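The values are calculated or read from the model by the stated rules, or taken from the named source; none is laboratory data. Because the structure is a prediction, the values reported are computed rather than measured. No Cβ is skipped: glycine too gets one built from the backbone with ideal geometry, and neighbour counts run over all protein chains shown. Surface areas here come from the heavy atoms of the whole protein model, side chains and all, with no ligands, DNA or RNA. Shrake-Rupley method; radii C 1.70, N 1.55, O 1.52, S 1.80 Å.
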Amino acid sequence: MKKKPKERTGAPTPAEPIETARMLLRRPRADDADAIFLRYAADADVTRYLGWPRHVSIADTRAFLAGCDDEWQRWPAGPLLAFAREGGQLLGSTGLAFETAQRASTGFAFARDSWGKGYATEALSAMISLARTLGVRRLYALCHTEHRASAKVLERCGMEREGLLRGHTQFPNLDVDGPGDVWCYAVLL
């Protein structure tokens, strides 16, 4: 039996798309499945340090999209896709994952050809602003201890490394047994 989604919180739903200097961030749609799969979700390098399995079929991407809809029904925001304002190419994804109305996590995944261009920093800055607007008090992100590029982005955006969580997160795309260590970064809003 499927669990009934929680009622939405009283926080406002963000206007879409969210605009940054170089990107448009919007809620994923069913017709985004092919682009998500091809641009980043099936890429072993992109998904290496992520806590979700690399997509091996378009069915995996469609399941992800169904989960996105569930999050958006339960909370005032959820996963977002990042598109280049110029040309409209899908660059990657970001978003907010709510645990309570005042506590959420965030993260990002960008296609390889988007790496090193500041898109992750721009997206994370937008998520911090969005979280503040929606009444989030604590926004956090988990980062594999070996993922230095992501750690730099989190620090650049003002998130503080709070500590090491040992054996905390399963990384299904790494060839290791058991959960791995992660750094916990957070910002209080």
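Annotations
- When a 1.4 Å probe is rolled over the protein heavy atoms, the share of accessible surface on region 8-166 that falls to carbon and sulfur comes to 49 percent.
- Using the alpha-carbon positions of region 39-81, Rg (one decimal) and Dmax (whole number) come out as 11.4, 31 Å.
- With the convex hull of the Cα atoms taken as the outline of region 125-189, the averaged projected area works out to 4.7 nm².
- Sequentially through region 149-156, phi angles give Karplus couplings (6.51, -1.76, 1.60; θ = phi - 60°) of 4, 5, 4, 5, 4, 4, 5, 4 Hz, Gly and Pro residues having no value and appearing as x.
- Taking amide H as placed 1.01 Å from N in the peptide plane, the amide H of residue 91 sits under 5 Å from that of 82, 83, 84, each at least 5 places away or on another chain.
- Summed residue charge, Cβ within 12 Å of residue 45's Cβ, Lys/Arg positive, Asp/Glu negative: +1
- Here the simple spin-label model places points 7 Å from the Cα toward Cβ, and for residue 133 and residue 113 these points are separated by 3.0 nm.
- 10 Å-binned pair-distance histogram of region 40-128 (Cα, whole percent): 16, 47, 34, 3
- Residue-normalised accessible area of the chain, given per residue in Å² at a 1.4 Å probe: 54
- Note on the chain: the alpha carbon radius of gyration divided by the globular reference 2.2 N^0.38 Å gives 0.98.
- Hz values of 3J(HN,Hα) by residue in region 32-48 - Karplus curve (6.51, -1.76, 1.60), Gly and Pro given as x: 8, 3, 4, 5, 4, 4, 6, 7, 8, 5, 9, 8, 4, 5, 5, 8, 3
- Extension gain for residue 189 to residue 121 (0.36 nm times residue separation, less C-alpha to C-alpha distance): 22.7 nm.
- In sequence order, calculated HN-Hα J values of region 82-91 (Karplus, 6.51, -1.76, 1.60; Hz; x Gly/Pro): 10, 10, 5, 5, 8, x, x, 5, 5, 9
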